[in-house]
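To start, the structure itself, in structure tokens.
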Amino acid sequence: DLGCGNGYLSLPIAKRIGPEGTVQCVELQPQYFAQIEKRAAEAGVENYELVRATATDPRIQDGTCDPVLMVDVYPELALPEPVLRNVAAALKPDGRLALVEFRSEDPEVRIKRLHKMTKAQAVLELEANGWTLAESFEGLPWQHLLFFAPPEAEASEGD
């Protein structure tokens, strides 16, 4: 959960997947970690890991994630290109990036314009970085849910 904040989604996901998996709670602002730890203790959730990100690197170990979830985060990234490269490296071979963003196309979504984006904008920006839209779900009341496949791994020399 990249940009996990206080763990609002991370902890229920961790509880649902159970001890077979671990949720990496990735956050740039470490003041949230104490809140996550408190909430996790209250909920009896132990299968999570706190990861301190930087502006360019989520610091997720390569090849460890089935999905990477980013909820209302992408428009906040100061440097999306290196973040996307690092997210691609963090994914397992069949992993996906799940991007959830407030719909800019919908005038009923009362969120500041700079905190939302159109589906076309999201696709354009991710495709410019080599990602491919694999699937989308438009059933959320205010947000797009877009699943992206990472860029194809570059063949090493001699392949």
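The values are calculated or read from the model by the stated rules, or taken from the named source; none is laboratory data. These numbers were taken from a predicted model, which means no experiment stands behind them. When we count neighbours, we look across all protein chains shown, and the Cβ atoms used for this are built from the backbone with ideal geometry, even at glycine. Just so you know, the surface numbers come from the protein's heavy atoms only, side chains and all, with ligands and any DNA or RNA stripped out. Shrake-Rupley method; radii C 1.70, N 1.55, O 1.52, S 1.80 Å.
Worth a mention:
- On a per residue basis, the chain carries 59 Å² of accessible surface, using protein heavy atoms and a 1.4 Å probe.
- Of the beta bridges in the chain, as assigned by DSSP with both residues counted there, near 45 percent are antiparallel.
- Taking a ≥ b ≥ c as the square roots of the eigenvalues of the Cα gyration tensor, segment 53-150 is classed as prolate, since a/c reaches at least 1.5 and a/b is larger than b/c.
- Lacking any other cysteine beta-carbon closer than 4.7 Å, the following Cys residues of the chain have no compatible partner: CYS65.
- Computed over protein heavy atoms with a 1.4 Å probe, the carbon and sulfur contribution to the accessible area of the chain reaches 52%.
- Computed over segment 43-159: relative contact order in percent, which uses C-alpha pairs under 8 Å that are six or more apart: 23 percent
- The slack in the chain from ASP57 to LEU79, taken as 0.36 nm per residue of separation less the alpha-carbon distance, amounts to 7.0 nm.
- If R0 is taken as 30 Å, the Cβ-Cβ distance between GLN35 and ARG110 corresponds to a FRET efficiency of 0.70.
- Mean separation of Cα contacts under 8 Å (6+ apart) over length of segment 1-93, as relative contact order %: 30 percent
- For segment 1-24, the residues whose amide N sits under 14 Å from a probe point set 7 Å from the Cα of ASP66 along the beta carbon direction are 1, 13-24.
- Each principal axis of segment 1-117 carries a Cα extent, and these read 40, 31, 25 Å when sorted largest first.
- Charge dipole (Cα centre; +1 on Lys/Arg Cβ, -1 on Asp/Glu Cβ; no other charges) of the chain amounts to roughly 700 debye.
- Length-normalised contact order for segment 58-118 - Cα pairs under 8 Å, 6+ apart - percent: 41 percent
- Among 129-140, 82-93, the peptide with the highest mean count of other Cβ atoms within 10 Å heads the list, and the full ranking is 82-93, 129-140.
- For the pair segment 81-102 / segment 2-33, the C-alpha centres are spaced 16 Å from each other.
- Within segment 1-68, trypsin sites (Lys or Arg not before Pro) in DSSP loop having at most 15 other beta-carbon neighbours inside 10 Å: ARG59
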